[in-house]
Amino acid sequence: MNKGEFDFIQELLSGCNRMELPEPDDKILDTLFVYFTELKHWSRRINLIAKKATDREILEKHFLDSLTLLPLLAKTGSHLLDIGTGAGFPGLVCKAAKPDLQLTLVEPRLKRVSFLSHVTRKMELDDVRILTCRAEDEDKLVSDGGYTHITSRAVSEIRNILAMSSRFVKPGVQVICMKGPKWEEELAAWQESGNSDFFYLCSRKEYTLPHFEGRRYLLIFEKVK
């Protein structure tokens, strides 16, 4: 390694330690490094992440940020539905770190689907379903898919994420909203919209990325009983 070269694996381990996340084993680290390498390579040709993103930004804002979902997916039999996954975040990172996780990725843009198919093969991941559609496409994305968790980094507003997720949610299924410091404003807007009878906020987790300012939050919603 050249002097000053970014050491993805060591920085990932350091970040997990600082954020009190489970430490990945060697196989997981190697798999995530394949993902990181392929992501950078493909990003030269198609729009996957911000063009000017540094290696550290990619590591923290995509990989470490995605790993914060792991404690919520700890149970055996978890099935994550990642809507509008783009380059595969957070779903593929969670799958790499928890190989027994069932994963359904939903992405309407064909170039990104090509990347997802390619990188899933390179990472040697099993039990990953990639659907080329949108959340409302009931022919391809059935409501009763056995999902235990639903997330979407592509949808900005809490009320929109919950509205989009409502047809997939049964008792016990969790919708995970990954938010920044304006989460309270978004939550208030959802509560004022008149559509807050179907879901309730059952828990909230907060964390900070090692080198970037601003708190991050996971807001976990469930169906009202």
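FYI, it's all coordinate maths here, none of it is from the lab. Computed from a predicted model, the values in this text were never measured in an experiment. Note that we place each Cβ from the backbone using ideal geometry, even for glycine, and neighbour counts take in every protein chain shown.
The trypsin sites (Lys or Arg not before Pro) found in the range 116-224 that occupy coil by DSSP, while having at most 16 further C-beta atoms within 10 Å, are Arg134, Lys140, Lys182.
Taking amide H as placed 1.01 Å from N in the peptide plane, the amide H of Val173 sits under 5 Å from that of Lys223, each at least 5 places away or on another chain.
Structure note, pairs Lys51/Lys170; Lys27/Lys170; Lys27/Lys225; Lys140/Lys179: Cα-Cα distances above 32 angstrom occur for Lys51/Lys170; Lys27/Lys170; Lys27/Lys225. In the chain, the DSSP-assigned H stretches of four residues or longer account for a calculated mean residue ellipticity at 222 nm of -9000 deg cm²/dmol, using -39500 (n - 2.57) per stretch and the full residue count as denominator. Sequentially through the range 187-197, phi angles give Karplus couplings (6.51, -1.76, 1.60; θ = phi - 60°) of 5, 5, 4, 5, 5, 7, 6, x, 10, 9, 7 Hz, Gly and Pro residues having no value and appearing as x. For the range 8-223, the calculated P(r) over all alpha carbon pairs, in 10 Å bins from 0 to the bin holding the longest distance, is 8, 35, 38, 17, 1 percent. The range 169-225 and the range 3-41 have Cα centres spaced 27 Å apart. For the chain, relative contact order (Cα pairs under 8 Å, six or more residues apart, normalised by length) works out to 17 percent. What separates the Cα centres of the range 72-103 and the range 129-145 is a distance of 16 Å. Which shape class applies to the range 152-225: rounded if a/c is under 1.5, otherwise prolate when a/b exceeds b/c and oblate if not, where a ≥ b ≥ c are the square roots of the Cα gyration tensor eigenvalues? Since a/c reaches 1.5 and a/b is larger than b/c, the shape of the range 152-225 is classed as prolate.
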